[in-house]
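Please read the structure below before turning to the comments.
The values are calculated or read from the model by the stated rules, or taken from the named source; none is laboratory data. Since the structure is predicted, the reported quantities are computational estimates derived from the model, not experimental observations. As a convention, Cβ positions derive from the backbone with ideal geometry for all residues, glycine included, and neighbour counts pool all protein chains shown. Surface areas here come from the heavy atoms of the whole protein model, side chains and all, with no ligands, DNA or RNA. Shrake-Rupley method; radii C 1.70, N 1.55, O 1.52, S 1.80 Å.
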Amino acid sequence: MTQTPLVSICIPVYNSGAFIKETLESVLAQSYPSIEVVVVDDGSNDDTVKIIESMKDPRLKFHKNAVNLGVSANWNRSIELAAGEFIKIMGGDDLLDKDCIKHQVEVLQSHHVSLVTSHKYVINSKGKQIVLKKTFSEGLIKGKEAFKLSMVDGSNLLGEPVAGLFRRSDFYKAGEYTSEFMYLIDLDLWYRLLGEGSVYVIAKPLYSFRISRTSLSSVLKGSQIDEFERFKSKLIQTGYISLSGAEKLRAKFNSFVKGIARKIIFMLMA
């Protein structure tokens, strides 16, 4: 009898042919054995499907949507098709350290937390490491504290979707991905997932987030700076966090500066 994998690594893709092979190789090379890899294609018109179908591994489950669902619906579809108790969702261009799942599973099995995340490397389109980005110190941090620090910092300190490992049951309790904050689809889920709970930070770079011209954040329309302000206002209005006048000014300044810097980095480093 085939044993149900404990961890489902979900990879929703759309025109990811440039990097999907490298991404899948990093995922399939995990030292933790009890995994499945769920790849859902949302109507790619490049060679994404051909590359995925060429990779033969019993842990790989591939599904092609009959119609294009869009970002949030496709992400939800990938989790819907997953069988594991623990979920990681990641882009078709990101990479995992070989011990990423091993370390994150150990935390979820030994701590009562809703999310585990880590430090990261930022890489460019050629896979070159640009910078090591650190988040919080090792250990537990309350969700509300993490979000307050993130808002004042003007950035997502908890990490991109690929950063996190969480329980499938918690995902459905919190509510699925939505299109309310497309640039901050990760932060929006982390906010609902954490609730009154905590996140555990592993002070090691366990994944690589790729900057490229096909990255989701580089192809979405609209202003990430405006969306960050709208998300921050939601957290304040709901009473999830409170900021002093000085903190609000710092938050707005940092969000603006980092938003501009992010656009410049994408143009120069992609």
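Some values worked out for this structure:
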| quantity | calculated |
| --- | --- |
| Rh by Kirkwood over Cα pairs, then Stokes-Einstein D for the stretch 137-257 at 0.692 mPa s and 37 °C, µm²/s | 216 µm²/s |
| Positive-pole candidate from V162, A82, I51, dipole of the chain, charges at beta carbon | V162 |
| Ellipticity estimate at 222 nm from DSSP helix runs (n ≥ 4, -39,500 (n - 2.57)) divided over the chain, nearest 500 | -12000 deg cm²/dmol |
| Whether the stretch 73-197 is rounded, prolate or oblate, judged on the alpha carbon gyration tensor where a/c under 1.5 counts as rounded | rounded |
| Dipole moment magnitude, nearest 20 debye, the stretch 62-172 about Cα centre, only Lys, Arg, Asp, Glu C-beta charged | 180 debye |
| Between helix 185-194 and the chain: long-axis angle, C-alpha atoms, 0 to 90°, nearest 10 | 80 degrees |
| Percent breakdown of C-alpha pair distances by 5 Å bin, ordered from the shortest bin, for the stretch 41-93 | 4, 15, 28, 29, 19, 5, 0 |
| Total formal charge among the other residues, if their Cβ is under 11 angstrom from that of A73, Lys/Arg +1 and Asp/Glu -1 | -2 |
| Surface accessible to a 1.4 Å probe, per residue, for the residues of the chain, Å² | 46 Å² |
| Scattering profile of the chain at q = 0.11, 0.15, 0.16, 0.17 Å⁻¹ [log10 I(q)/I(0), Debye over alpha-carbon scatterers] | -0.58, -1.14, -1.32, -1.51 |
| Ellipsoid semi-axes in whole angstrom, largest first, where each is sqrt(5λ) of the Cα gyration tensor of the stretch 176-215 | 21, 19, 5 |
| Surface/4 estimate of mean projected area, convex hull on alpha-carbon atoms of the stretch 109-171, nm² | 5.5 nm² |
| Reciprocal mean inverse distance between Cα atoms of the stretch 1-154 - Kirkwood radius, Å | 16.9 Å |
| Cα shape, the stretch 1-90, gyration tensor, a/c 1.5 rule | oblate |
| Exposed-loop-free span, longest in the chain, where trypsin sites (Lys or Arg not before Pro) count as exposed if DSSP calls them loop and at most 10 other C-beta atoms lie within 10 Å | 129-220 |
| Over the stretch 23-147, relative contact order from alpha-carbon pairs under 8 Å, at least 6 apart, % | 26 percent |
| Portion, in percent, of the accessible area of the chain that falls on carbon or sulfur, probe 1.4 Å | 55 percent |
